[in-house]
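Reviewing the structure listed below.
The values are calculated or read from the model by the stated rules, or taken from the named source; none is laboratory data. On a predicted model such as this, the values are computed, not experimentally measured, just so you know. Here the Cβ positions follow ideal geometry from the backbone for every residue, glycine too, while neighbour counts run over all protein chains shown.
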Amino acid sequence: MINTQPKDTCVLVTGGAGFIGSHTVVELLQDGYEVVVVDDLSNASEKVFDRIDQIVGDDAAEHLTFVRADVADRDAMDAVFDEFDIDHVIHFAGYKAVGESVQKPIEYYSNNIGNTLVLADVMRNHGCKSIIFSSSATVYGDPDSLPLTEESPKKPATNPSGWTKWMIEEMLRSLVVADPEWNVVLLRYFNPIGAHPSGLMGEDPKGIPNNLLPYVAQVAVGRRDAVHVFGDDYDTPDGTGVRDYIHVVDLARGHVAALAWMDGRTGCEVFNLGTGTGTSVLEIIKAFSAACGRELPYVVEPRRAGDVTANWADCTKAREVLGWQAEFGISEMCRDAWNWQSNNPFGYEG
Ligand SMILES: NC(=O)c1ccc[n+]([C@@H]2O[C@H](COP(=O)([O-])OP(=O)(O)OC[C@H]3O[C@@H](n4cnc5c(N)ncnc54)[C@H](O)[C@@H]3O)[C@@H](O)[C@H]2O)c1
């Protein structure tokens, strides 16, 4: 096995201006990696790079390069790989809004699958065959049993966004079958929430948030009237859906742990990244109310199509193999999300 040092290792982070990508870039720079971000800013603000500089300091920030480009633009990606000696790719770039994906399937399949195909081809042509892909617990669908291990079966997705995760996983597995030099890690995220503890970076969704936490945060800051709880008649302790929420900084550190573990390996491995604990929608509203010091109003609505009753992860494999486990709990996730939202009520552009 080659044991290279971070300072000798250049990581291309696609979608590195986004929510999870930006937090991962901070952790990589703090660990001493060279980082190149490619992002088309379709769902991000360039201002995030000033925030990254503030967090990591000027010396570490010198090791970061931002290229504004679409990952599906082959010429632009060829130029990136010609200019930088890229060792590994962490591939976040893609569209992620579940509801929007139902309305815009062509855009979702085209962007998520199309950009991954171009990326993999350009990587191969430049002799870089090491990639971490942002997958999702949605590939497990409605689980037969909990907690979910990496061996739990994949189930049909319920929307185009979920299908793209499902298919890209299979595409990347096929690369390893065809060419055993490929080194692929599929990270299945559970529900990333929270924000950087500095209050300088966080989730900044455009339009109406699709996910619970940014919605709750916008209610807390007065941008929206009440939280919508979709279904209170599920077979769970309080009737609302249960998910495994993970602090975005823990998730980001999971990528760095995976990268260190991958160095010099080949093959394909899957890891769940969660906390192993389920939390209900009402518990989240309560925890966020405690964080912001005010009871947040909510209204109960009918169940949403495609939502599962409950899921949470078994994270034993990540702990034993990668030496990684989540450190933050729900109260820290809500504290940091509130800190970010209250300091930046309208996100980066506010
Ligand atoms: N946030 C979640 O709940 C969650 C859960 C599971 C998986 N994921 C996956 O993790 C990844 C990152 O998620 P996120 O929450 O940070 O989303 P995000 O939208 O904040 O980040 C994605 C980034 O990719 C960029 N992008 C999109 N298409 C691009 C393209 N063709 N070329 C270049 N840049 C492009 C966007 O501008 C954005 O900065 C996504 O692939 C997402 O599907 C997210």
Exercise for the section: Go through (1) closer than 26 Å to residue 161 by Cβ; (2) modelled with pLDDT of 95 or more; (3) in contact with a Pro (Cβ under 9 Å, 6 or more places away or on another chain) one by one and return the number of the condition residue 267 breaks. Expected result: (1)
Exercise for the section: Being among the β-branched types (Val, Ile, Thr) and more than 21 Å from the chain's Cα centre (by Cα) is the filter here, so list the residues in the range 57-95 that pass it. Expected result: 80, 86
Handout entry: Count of residues meeting criterion [over 22 Å from residue 313 (Cβ atoms) and among the aromatic types (Phe, Trp, Tyr)] in the range 98-147
Key = 2
Practice task
Tell me, yes or no, whether the range 49-65 has at least one residue that is within 12 Å of the ligand (Cβ to nearest atom), crowded, with 18+ Cβ neighbours inside 10 Å, closer than 26 Å to residue 262 by Cα and modelled with pLDDT of 95 or more.
Solution key: no
Handout entry: Test: residue in the range 21-30 that is more than 16 Å from the ligand (Cβ to nearest atom) and not in a strand (DSSP E or B)
Key = yes
Exercise for the section: From (1) surrounded by 22 or more Cβ atoms within 10 Å (Cβ to Cβ); (2) modelled with pLDDT under 95, pick out the condition that doesn't hold for residue 201. Expected result: (2)
Practice task
Could you figure out which of (1) charged (D, E, K, R); (2) part of a loop (DSSP other than H, G, I, E, B); (3) buried (at least 19 other Cβ atoms within 10 Å of the Cβ) isn't true of residue 188?
Solution key: (2)
Fill in the blank from the handout: Expected output for the range 68-80 (first residue within 10 Å of residue 119 (Cα to Cα), partner of a type in the set (Ser, Thr, Tyr) and within 11 Å of the ligand (Cβ to nearest atom), Cβ below 6 Å, 6+ apart or cross-chain) is 71/14
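Residue by residue, here is whether (1) buried (at least 19 other Cβ atoms within 10 Å of the Cβ); (2) within 20 Å of residue 73 (Cα to Cα); (3) modelled with pLDDT of 95 or more holds:
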| position | (1), (2), (3) |
| --- | --- |
| 118 | no, yes, yes |
| 125 | no, yes, yes |
| 136 | yes, no, yes |
| 142 | no, no, no |
| 150 | no, no, yes |
| 154 | no, no, yes |
Problem - the range 92-131, residues that are among the hydrophobic types (A, V, I, L, M, F, W, C) and more than 14 Å from residue 162 (Cβ to Cβ) - result: 92, 93, 106, 117, 118, 119, 120, 122, 123, 128, 131
Problem - Candidates 86, 90, filtered to the one that is touching a residue at least 40 places away in the same chain (Cβ under 8 Å) and more than 14 Å from the ligand (Cβ to nearest atom) - result: 86
